1. Please enumerate the residues belonging to region 78-89 that are crowded, with 20+ Cβ neighbours inside 10 Å and either out of contact with any helix residue (DSSP H, G or I) (no Cβ under 8 Å at 6 or more places or on another chain) or in a helix (DSSP H, G or I) (or both).
2. Would you point out the residue of region 163-198, among those that are part of a loop (DSSP other than H, G, I, E, B) and polar (S, T, N, Q), that is nearest to ILE135 (Cα to Cα)?
3. When region 42-60 is examined, which residues are found to be within 16 Å of ligand 2 (Cβ to nearest atom) and surrounded by fewer than 16 Cβ atoms within 10 Å (Cβ to Cβ)?
4. Which of the residues that make up region 6-40 are of a type in the set (A, V, I, L, M), within 20 Å of GLU172 (Cα to Cα) and either crowded, with 22+ Cβ neighbours inside 10 Å or within 9 Å of ligand 1 (Cβ to nearest atom) (or both)?
5. For SER211, state whether it is away from ligand 2 (no atom under 16 Å from the Cβ) and either over 20 Å from ASP29 (Cα atoms) or surrounded by fewer than 22 Cβ atoms within 10 Å (Cβ to Cβ) (or both).
6. Does region 147-163 contain any residue that is within 18 Å of ALA208 (Cβ to Cβ), surrounded by 14 or more Cβ atoms within 10 Å (Cβ to Cβ), within 16 Å of ligand 2 (Cβ to nearest atom) and at pLDDT 95 or above?
7. So ALA113 ticks every box in (1) farther than 25 Å from ASP150 by Cα; (2) outside any loop (DSSP other than H, G, I, E, B); (3) aliphatic (A, V, I, L, M) but one. Which box is left unticked?
8. Restricting attention to region 90-140, which residues are crowded, with 19+ Cβ neighbours inside 10 Å, near ligand 1 (Cβ under 10 Å from one of its atoms) and not hydrophobic (A, V, I, L, M, F, W, C)?
Amino acid sequence: MIKVAPSILSADFCKMAEAMDSLNAWGADIVHCDVMDGVYVPNITFGMPMIKDLRKYTKLPLDAHLMITKPEKYVGKFCEAGADIVTFHPEASDDVIGALDEIKMHGKKCGLAINADIGFEVALPYLSRIDLLVIMTVQAGFGGQSFMEDCLEKARMASEFRKKTGSVFEIEVDGGVCPANIQKVKQAGADIAVAGSAVFKAADPHSAVMSMQI
Ligand code: DX5
Ligand code: ZN
């Protein structure tokens, strides 16, 4: 069954403790935390202190998606703050392997995120080292954008690569995912679906989460 990781980017930032309780009640599998620095992407969200505080309010795994420049400077701090999974964008880093190794040294899961305008081949040299590959189906930076179906081709390529090589990384699809396209996301090989607005803006978020756990 596909795991659902609601993105708190679409939650009320003044009610995060309540959001953690809600996600638990709605049966979410993972909490997706979108960290943006205003440099790698044209938007700013939150950093390590948010992860540290969220950690106090939920037992669900925290998935920190770092949309920041030079992530190698910060990945250790996100691990120490309580993230269980830390992913970053390879083209934003001067030391991809160093950053992945540092996350592993902290005993956490490491991953790479492939932005909508970045080719799958950028991830190829690292696929044997990662626990998670995030395939973005929007251009990173904002919640609530339209799903770019063409990007699913990269999830299919990752899924094929995994079968051929016996690699064990999970595939997460992030951006514009909703109950209407979850079938395609699953068919492309996704193990985890990130959904921000499709959960937090839904009339019935509990049903929205359940309808994507297919
Ligand atoms: C985009 C973020 C996504 C996004 C998901 O930069 O990485 O996680 O917020 O939100 P929706 O599901 O609304 O696209
Ligand atoms: Zn994200």
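1. Residues satisfying the conditions are PHE78, CYS79, ALA81, ILE85, THR87.
2. Kept after step one, since they are part of a loop (DSSP other than H, G, I, E, B), are these residues of region 163-198: 166-169, 175-181, 188-191, 196.
Adding the requirement that they be polar (S, T, N, Q) leaves 167, 181.
Numbers: SER167: 16, ASN181: 15 Å.
This residue is ASN181.
3. Let us first name the residues in region 42-60 that are within 16 Å of ligand 2 (Cβ to nearest atom), namely 42-47, 50-51, 54, 60.
Those that are within 16 Å of ligand 2 (Cβ to nearest atom) and surrounded by fewer than 16 Cβ atoms within 10 Å (Cβ to Cβ): PRO42, ASN43, ILE44.
4. ILE8, LEU9, LEU23, ALA28, VAL31, VAL35, MET36 - these are the residues of region 6-40 that are of a type in the set (A, V, I, L, M), within 20 Å of GLU172 (Cα to Cα) and either crowded, with 22+ Cβ neighbours inside 10 Å or within 9 Å of ligand 1 (Cβ to nearest atom) (or both).
5. yes
6. Narrowing region 147-163 to residues within 18 Å of ALA208 (Cβ to Cβ): 147.
Still in the list and also surrounded by 14 or more Cβ atoms within 10 Å (Cβ to Cβ): 147.
When the remaining residues are screened for being within 16 Å of ligand 2 (Cβ to nearest atom), the result is 147.
Then drop every residue that is not at pLDDT 95 or above, which leaves 147.
Within region 147-163 (the criterion being within 18 Å of ALA208 (Cβ to Cβ), surrounded by 14 or more Cβ atoms within 10 Å (Cβ to Cβ), within 16 Å of ligand 2 (Cβ to nearest atom) and at pLDDT 95 or above), the answer is yes, since at least one residue qualifies.
7. (1)
8. Hits for region 90-140 are ASN115, THR137.
The values are calculated or read from the model by the stated rules, or taken from the named source; none is laboratory data. Since the structure is predicted, the reported quantities are computational estimates derived from the model, not experimental observations. As a convention, Cβ positions derive from the backbone with ideal geometry for all residues, glycine included, and neighbour counts pool all protein chains shown.
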